[in-house]
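The values are calculated or read from the model by the stated rules, or taken from the named source; none is laboratory data. Just so you know, these numbers come straight off a predicted model, no measurement behind them. Cβ placement follows ideal geometry from the backbone for every residue including glycine, while neighbour counts extend to all protein chains displayed.
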Amino acid sequence: MSSALSSALPGTLESDLAKVLDYWKDLIRGENSMPFSDDVDLSRLPDLSPNLLLLTAFENPDRFRFETAGEAIVGDYGTALAGRFSDEMPQKPPLEEFTEQCLMAVSQKSPTYFRSPAAGYARLVLPTWGEGHVMTLLGAVSKAP
């Protein structure tokens, strides 16, 4: 079975990803379509922190810099991520098709979902707003059952 990148979230998310999505939705103020970047506080998700990512989104050119990467993600990927750009990283689990997923989240200004049955994990990327554009991306990785 091949991997799948989608802007449409599946009917049922992996439980860890569902918790992160609920957190993201709870941060949305009023009629906004996404939360503000400065509202994201990873310390509010301590049990999920090993599987969380926080990235800064840059424009012209579109690039994504890892600010925070949880220990489980770094362990699975095999090298430190903080301070590096996603487009400079080898495409391997749990980050294959990651730059494409981030680009989709920014362009559509909505959550994106990636699942790799072969590698046994799923991933969620959630956009946040700041300074007039998608400024930060909150990501989460979950081992697929």
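Of note:
- Filtered residue count, region 91-109, keeping only those that are under 12 Å from LEU137 (Cβ atoms) and within 12 Å of the chain's Cα centre (by Cα): 8
- Matching option when the condition is within 18 Å of SER6 (Cα to Cα) and aromatic (Phe, Trp, Tyr), among PHE64, PHE98: PHE98
- Residue count for region 51-60, restricted to those that are closer than 18 Å to LYS109 by Cα and at pLDDT 95 or above: 6
- GLY75 vs. criteria modelled with pLDDT of 95 or more and more than 15 Å from the chain's Cα centre (by Cα): yes
- Of the residues making up region 106-113, none is buried (at least 22 other Cβ atoms within 10 Å of the Cβ), small (Gly, Ala, Ser) and modelled with pLDDT of 95 or more.
- Figure legend. Inter-residue proximity from region 23-47: first residues more than 16 Å from LYS109 (Cα to Cα), second residues among the small types (Gly, Ala, Ser) and assigned to a loop (DSSP other than H, G, I, E, B), beta-carbon distance below 8 Å, spacing 6+ or different chains. No pairs are indicated.
- Test: residue in region 20-41 that is among the basic types (Lys, Arg) and modelled with pLDDT under 95: yes
- Filtered residues of region 69-113 (kept if closer than 20 Å to VAL20 by Cα and free of Cβ contacts under 8 Å to residues at least 12 places away in the same chain): VAL74
- Boolean, LEU81 is in contact with a Gly (Cβ under 9 Å, 6 or more places away or on another chain) and modelled with pLDDT of 95 or more: no
- Of all residues in region 17-33 being under 17 Å from the mean Cα position of the chain (by Cα) and small (Gly, Ala, Ser), the one that is nearest to PHE114 (Cα to Cα): ALA18
- Unmet criterion (only one of (1) touching a Lys or Arg at 6+ places or on another chain (Cβ under 9 Å); (2) assigned to a loop (DSSP other than H, G, I, E, B); (3) closer than 22 Å to ILE28 by Cβ) for GLY139: (2)
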